[in-house]
1. What net charge do the residues around ASP357 carry, taking every other residue with its C-beta under 15 Å from that of ASP357, with Lys and Arg at +1 and Asp and Glu at -1?
2. Summing Lys, Arg as +1 and Asp, Glu as -1, what charge do residues with Cβ under 10 Å from the Cβ of ASP101 carry, ASP101 excluded?
3. With a 10 Å Cβ neighbour count serving as the proxy for reagent exposure, in which order, fewest first, do LEU90, LEU232 appear?
4. Can you find, among ILE272, TYR343, ILE253, the residue farthest towards the positive end of the dipole of segment 213-364? Put +1 on the C-beta of Lys and Arg, -1 on that of Asp and Glu.
5. Hey, how many Å between the Cα centroid of segment 139-153 and the Cα centroid of segment 337-365?
6. Once the Cα atoms of segment 213-364 are picked out, what are the Rg and Dmax in Å?
7. Give me the orientation-averaged projected area of the Cα convex hull of segment 31-209, in nm², one decimal.
8. Can you give the convex hull volume of the alpha carbon atoms of segment 90-149 per residue, in Å³?
Amino acid sequence: MKLVMLSVILFCYSFINAQADKKKKKNEERFQIVKMLKFPNVDKLETTVPISDIQVISVVCDSIRLGYSTKGMMGGVISLTPDKPFTAFLQDHIYKMYKRDFKKNGSKILLVIKELRVGDRQSTELFAYTRIDADTYISNNGEQYKKLYTIDTVFVAALGTDVSGGHAEMIEKALKFLLKQSVQKAEIPQQEKMEELTIQQIIVGSNKRFDIPIFTDNVFKDGAYRNFEEFLNNNPSVVDYKTIVDEKGKATIINAAKEKLNVWGICEQGIISKYYDGALIAIERSGNRFIISDYVSKVNKMKGAQAKNALIGAGIGGALGGFYYYSEMLKIQMPLLVNSYPYISLPEKQPMASALDLKTGYFSF
């Protein structure tokens, strides 16, 4: 009898551990490799200014994760990563596209990639997104460079079923657009003397955007941020306040006089949350960026609930995938969308938010 009881206990213990391991495995971060096209869609580098080389310099926030991809109703979210080190990932493709156009005694172009993010979303169609934030420079001697062009935009396209191949095409499209605009700028005579910089000076200058207290301080100071600037300076000016959260997750922040405060966000016990549409969205530092805390596990958990509800005919409103929050304005659960790009105005086309845009303080992907 004791032997039977021991067997039952061991079985239960093994079953519980197996379920825990299964749940942990389900929510852990998974990666999908993005490969650039083996045969690029080549556009001839048409310019009256001979070009001898195009060099890529990376100063991105995260060189491991290009972004996130939604993998169907049951698959959750998966992280996208380049198939080789980030600089080589872009440099090799640039050479594939343009090396045959290089002239022996031409000028050198420098591409400084400050951000390259990709993402996708299934709504009315499968949409793919590529954000590129970059500066380009030109040099006649390979030592001193002048700035040519600056871009920070998002490209959007409706895709078929090949999402990973679609991301590669979108990245290629962004690079081609960047190079085309840059060589056109190079053809225009400069009306004023431009500052000349070495590559090292350019790298140092580009990385200055990370030399701010929210990245350099050892601890996050507790309090409420009146604005985005206070967040960047790790200097919340409101210290006498109270946060009230109801059963639906609606957050109200009041001061000592019980007046409602309109703040950018709060930090409590070192945990930072952005205040958005009556909700507190927790964010955490990941390298040189801030992302929605536990983004992958939160999205996968929500998608699992969506799949279950779909099977029983309940359903949750909105598009599949992404992080959901309770909207105080609409009084329903809503996907957290990136609505800070005016040229992506339709909600069904807006990407799912996963990170914070450190230029604006709005959510990005």
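1. +3
2. +2
3. Ascending Cβ contact count within 10 Å gives the list LEU232, LEU90.
4. TYR343
5. Cα centroid of segment 139-153 versus Cα centroid of segment 337-365: 28 Å apart.
6. Considering segment 213-364 through its Cα atoms, Rg and Dmax are 16.3, 49 Å.
7. Directional mean of the projected Cα hull area for segment 31-209 stands at 11.1 nm².
8. It comes to 115 Å³ per residue, whole-number rounded.
The numbers here are math on the coordinates, done by the rules we state, and not lab data. Worth saying up front: this structure is predicted, and the values here are computed from it rather than measured. Here the Cβ is made from the backbone with ideal geometry for all residues, glycine too, and neighbour counts use every protein chain on show.
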